[in-house]
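The values are calculated or read from the model by the stated rules, or taken from the named source; none is laboratory data. All values derive from a computational prediction rather than experimental measurement. All Cβ positions, even for glycine, are placed from backbone atoms using ideal geometry, and neighbour counts span all protein chains on display.
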Amino acid sequence: MTVAQKEASRLAARRRPARRWGRFFNKTVPESLGPRLILIVMCALFLLPFWSMATAAFKTTQELSTFPPTFFPLGLEWSNFSTAVNYIPFGTFFINSVILTTGIALGAAISNPLIAYGFSRINWPGRDVLFGIVMATIFIPFPVLIVALFDIFAKLGWINTFLPMIVPAFFGNPFFIFLMRQFFRGLPGEISEAARIDGANEFQTFLYVILPLARPAVAVVVIFAAVAAWGEFLAPLLYLQDEAKYPLSIGLQFYRQEHAVSYNLLMAASTLIVLPVVALFIAFQRFFIEGVTVGSVKG
Amino acid sequence: MSLLSWRGWKASLVFVSVVLAACGGGNQSAAPLAGCNSGTTLATFWTSHTPPDSDSLKHIVDAFNKQSTATCVKMVQVPGSETDIAKLTTAVRSGTGPDVYMLDRFTVAERAAAGVLEDLSQYGAQDLASNYVDFAWAEATFKGKPYALPFDTDTRAMYYRKDLLQAAGITDLSALDPANGPPTIDTVRAMANKVNHKTGGAYDVVGFIPWINQGWHYTWGFVYGGSFFDKSGCKVTPNDPKIVQAYTDMFTNWSKSLGVDAVQTFISSYSPPNQPTQQDPFLTGHLGFVISGDWVLGQIATYTPNLKYGVTYIPVPKKGDQPATWAGGWSDVIPKNAKNAKGGYEFMKYIAGEPGQRVYTKETQHTPTIKSLQSDSSLFPGDHQFFIKQLSAAHSRPPLPVGAFYWDQLSTAQDAAVRNTAAPQAALDAAATATNAKLQPFCPLA
Amino acid sequence: MIAAPRLHLSKADRRNLRTAAPFILPWVIGFFAFTLYPIVYSLYLSFTSYSGFGNATPVGFANYQHLASDPLFFKSLWNTLYYTGLAVPIGLVVAIVLALAMNQKVREVAIYRAAIYLPSILPLFALTFIFIVLLNPRFGFVNYLLSLVGVPTINWLGDPKWTKFSVVLLAQLGAGGPALIFLAALRAVPGELYESASLDGAGALRRFRHITLPLITPVILYDLIYGTILGVQIFTPAFILVGGTSGGAAYTAGPDNSLLFYVFYLYKEAFQYSDMGIASAMAWILFLISVVLSVIIMRWSRFWVHYEVS
């Protein structure tokens, strides 16, 4: 956290009046004061849960139940992290999460550009109608399908495997199709024309001409698919039976139900779960920010 | 994206962080099966029990594996509870279920009716009937056939913290001496009110909360002399006037007198879901009285061996009322689609038989269901004798094909009463209607 | 959109169709296998009694009738609609306020943007664990901070009046994504509009009401619809907060079943009570509700959405 934000959370905790803000920021343009104040307060509110998580992760069990709660842990109990990782089958859950996320991201990376290409770079009768249907499927909440899907997968013998979650990722997702389609539509038609003149068929055009240009968009799809897969809860809950196959999401929750995990360990584990996503964000911030806004501005 | 570019470094940053987070996670959740004799086939055993009871089960499993030449058992802890076997049913449905499952005995009829369990007569279980106490065996059968082997049982009583009561200035504890019969609810209420203590406007010690731990609807319903099931009419009667009275006194009014929100806040703070046993508020000094079962003796021995506590009958409405309690307990079953049912049955005979029950009783202070063990007083040191003596007069829950559903309905009504969001009469009437609708197709019962 | 009569496709059309077919085939297969078939199968199951074991026996409308007389069904419906009715408008306001603030001339906006957006991509289950600690009535930070300003203790997760609101608060951690979208929309508003308006003497509030707001209505619509679809599906936080199907002390989904959201009850019916017929009926009702809500919002939007004429 920056100095400004640290100061903000401490001050927010002590609820000082607004006059101090004026002295603190006496160099800034007055008209930014209001929005800055709102931003800092909101940032503090958004970061409060993580401050709670981080401090709890470092507290001893006794300190967890001291009243009033301490904002800074009395000592840094690093052992919470190693205990959490050893007491809970963290490694197993983590590897399962990685496998699931990789499989789903791979499926998204392969299928969505392919499908979106068909909906954008080729003009065929009924295309827009069918695309309307693709978008309409967004209105079908996943829970509507879970009973039937469970029964279908049970009959296929896919329960207790990763297949019910990974395989559908290879068949497209309306959001990602939309995203890729927006991108493809932005590419000039002349590129495809040139490729056609050179004798390439449609698939070759897709693979060797269009796709290389689409790397940033595909990266966005992969990142969003991976982030969503990392947090998947309902699907693994339905389809996985074996503790050895649980990803972090349901693994941690079931472990809590069966073995009673103390809150400091739970927060240490949560910190470890959150870190990879934070690192991913720091590394690829631009992709996240741009990906979020693609195409959604023009209603 | 070459390694030398900034993007390459960012990707490595992610990779390193991922590896760091995975560090130290060499833990295997599926430990290799040690202690298996060669030539044995695997059988899986699922239980939703938590420590310390699950630790004892593990000891039994290990002992079984040592002496068996045909079967080796792997024990798996799964989420679940007395009435929740979602994990089991989904697993059985998809062919990934266990060979043996620890099922709450009063739900055996319901699960057998749903087609989840194997009929054990095919393995000769009928021959074991005479080993078990009658009410336990009755609970384990459906339409005359055995679907489970009874495991443990238990009774409920009231525990109290001598130290907390004395600190609150209560010097005369003779009313709580079992030799003087059960205390009255009013007596307990007076003592409990002295123990209540608030800090900063919120409770940090409460004398008595009748509905937590084992202070269930069944408990107070039986204590007030109510009847939950009308056999001749084949209908459940949760709205029996005595049960309604029990709800009104011990749930609705008691909650109001403590302050509905205040007591709920206390429970949320000191007894949230999935809390470890060591932090139980009675053990940690935040509750003066609690209704619970004989297994608490085992918990005390494990976590707080120097606790100054006492045990007595569950309090009764009027002086001179007979004390009442009910016996519950678990059982072992073989679910459908078990891959190694024979091995499972061999294990069941062991764990639900004399060897397993003996170990479990000694380690956890539950009560066995095997007749010969019940008369072995060496198994019941100290306060456990009190619980054993209650057994002969203990009630048991009606084993209905809708037992689990009925329990959940009673619990919903209990919750509404405790929170004062519904009057007990109305809530229990609703429970009666819903349960009887589900019960009807099974009438008349065997 | 003109539906081309099947028999009169030109040669070029047919060729284009053949070319495009392999590209969109994955979606078509996936749609039939994982969407259409399950929906139809669900409809069929909703008219049967099916425990998941053995066969599904047809029972006509019995499942629907059972639901019509099940107080918990209506409670779960109420819980979900109540939650959605709170979370969607509040989320909308929060996102717009954040976007407005980020749109001002503040040098370090990238920092705020990162801090606000980051929580929205973190896994919801982890955020739920964090909230359990944060909202503990006695030992959590929130109540402590509130007590410093004189607010009495709130039992966030134990008081049925507050539990759903706690989930609404949790959902606000996800406001970062919509906030960024609104920010992009705000940035797309031509500056000249504001300039000419202030020249005409319009204050900030009037500029917002008459320029900004109309121009971002398409994004508001998108946020409303998407938020509603997400809202009716709410499940994970409730499951974790009550400790699964077996964690609650009173065997209810949260105090007084206040966290028994629709999908949670659906899950319980299917997998705890082994009644897949009823669960399928609930699934279909949910489907219809989603469609109806979306249509209502779309129809209503005609009155207030200004589509940009480029």
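Residue A:258: more than 7 Å from chain C (Cβ to nearest Cβ), closer than 19 Å to residue A:161 by Cα and charged (D, E, K, R), yes or no?
no
Take the residues in the stretch B:316-332 that are out of contact with any strand residue (DSSP E or B) (no Cβ under 6 Å at 6 or more places or on another chain) and not aliphatic (A, V, I, L, M); name whichever of them is surrounded by the most Cβ atoms within 10 Å (Cβ to Cβ).
Here the residue is B:328.
Conditions (1) among the hydrophobic types (A, V, I, L, M, F, W, C); (2) buried (at least 20 other Cβ atoms within 10 Å of the Cβ), marked per residue:
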site	(1), (2)
B:183	no, yes
B:187	no, no
B:191	yes, yes
B:203	no, yes
B:206	yes, yes
B:224	no, yes
B:246	yes, yes
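Looking at (1) without any contact (Cβ under 8 Å) to a residue 40 or more places away in the chain; (2) of a type outside the set (Val, Ile, Thr); (3) at positive phi, which is the only condition residue A:160 fails?
Evaluating residue A:160 over (1) without any contact (Cβ under 8 Å) to a residue 40 or more places away in the chain; (2) of a type outside the set (Val, Ile, Thr); (3) at positive phi leaves (1) as the failure.
Might you let me know whether the stretch B:91-101 holds any residue that is part of a strand (DSSP E or B) and surrounded by 17 or more Cβ atoms within 10 Å (Cβ to Cβ)?
Yes, the stretch B:91-101 contains at least one residue that is part of a strand (DSSP E or B) and surrounded by 17 or more Cβ atoms within 10 Å (Cβ to Cβ).
Pairs under 8 Å by beta carbon, first residue in the same structural domain as residue A:178 (by TED's automatic domain parsing) and touching a residue at least 40 places away in the same chain (Cβ under 8 Å) in the stretch A:193-221, partner of a type in the set (Ser, Thr, Tyr) and in a helix (DSSP H, G or I), six or more apart or different chains?
Here the result reads A:202/C:19; A:205/A:192; A:206/A:117; A:210/A:117; A:210/A:192, each pair linking the stretch A:193-221 to a residue that is of a type in the set (Ser, Thr, Tyr) and in a helix (DSSP H, G or I).
Can you list the helices (runs of 4 or more DSSP H) found entirely within the stretch C:65-168 that contain at least 3 residues being surrounded by fewer than 21 Cβ atoms within 10 Å (Cβ to Cβ)?
Of the helices (runs of 4 or more DSSP H) lying wholly inside the stretch C:65-168, those with at least 3 residues that are surrounded by fewer than 21 Cβ atoms within 10 Å (Cβ to Cβ) span C:71-102, C:109-121, C:141-148.
Tell me which residues, restricted to the stretch A:242-260, are outside any helix (DSSP H, G or I), surrounded by fewer than 24 Cβ atoms within 10 Å (Cβ to Cβ) and in contact (Cβ under 8 Å) with a residue 24 or more places away in the chain.
A:242, A:246
Would you be able to say whether some residue in the stretch C:224-233 is surrounded by 17 or more Cβ atoms within 10 Å (Cβ to Cβ), part of a loop (DSSP other than H, G, I, E, B) and either in contact with a strand residue (DSSP E or B) (Cβ under 7 Å, 6 or more places away or on another chain) or within 13 Å of another protein chain (Cβ to nearest Cβ) (or both)?
yes
Checking the structure you have, find out if any residue of the stretch B:393-403 is surrounded by fewer than 24 Cβ atoms within 10 Å (Cβ to Cβ) and under 30 Å from residue B:63 (Cα atoms).
Checked the stretch B:393-403: no residue is surrounded by fewer than 24 Cβ atoms within 10 Å (Cβ to Cβ) and under 30 Å from residue B:63 (Cα atoms).
Within the stretch C:150-187, which residues are free of Cβ contacts under 8 Å to residues at least 24 places away in the same chain and more than 12 Å from chain B (Cβ to nearest Cβ)?
Within the stretch C:150-187, C:184 is the sole residue that qualifies.
Could you list, in sequence order, all residues of the stretch C:280-310 that are free of Cβ contacts under 8 Å to residues at least 40 places away in the same chain and part of a helix (DSSP H, G or I)?
The answer is C:288, C:291, C:292, C:295, C:296, C:299, C:300.
Test residue B:296 against the criterion of being in a helix (DSSP H, G or I) and either in the same structural domain as residue B:184 (by TED's automatic domain parsing) or in contact with a Cys (Cβ under 8 Å, 6 or more places away or on another chain) (or both), and give yes or no.
yes
Given the stretch B:357-446, what helices (runs of 4 or more DSSP H) lie entirely inside it while holding 3 or more residues that are assigned by TED's automatic domain parsing to the domain that holds residue B:131 and in contact with a helix residue (DSSP H, G or I) (Cβ under 8 Å, 6 or more places away or on another chain)?
B:371-374, B:384-391
With the structure loaded, tell me whether residue A:151 is within 30 Å of residue C:295 (Cβ to Cβ), without any contact (Cβ under 8 Å) to a residue 40 or more places away in the chain and within 14 Å of chain B (Cβ to nearest Cβ) or whether it fails that test.
yes
For every residue, the table says whether it meets (1) part of a helix (DSSP H, G or I); (2) modelled with pLDDT of 90 or more; (3) touching a strand residue (DSSP E or B) at 6+ places or on another chain (Cβ under 7 Å).
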| position | (1), (2), (3) |
| --- | --- |
| C:173 | yes, yes, no |
| C:177 | yes, no, no |
| C:180 | yes, no, no |
| C:183 | yes, no, no |
| C:195 | yes, no, no |
| C:201 | no, no, no |
| C:209 | yes, no, no |
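Kindly establish whether residue A:231 is within 10 Å of another protein chain (Cβ to nearest Cβ), buried (at least 21 other Cβ atoms within 10 Å of the Cβ) and at negative phi.
Yes: the conditions hold for residue A:231.
Kindly provide the set of residues from the stretch B:361-378 that are in contact (Cβ under 8 Å) with a residue 40 or more places away in the chain and surrounded by 13 or more Cβ atoms within 10 Å (Cβ to Cβ), ordered by number.
Passing the criteria: B:361, B:363, B:364, B:365, B:366, B:367, B:368, B:369, B:370, B:371, B:374.
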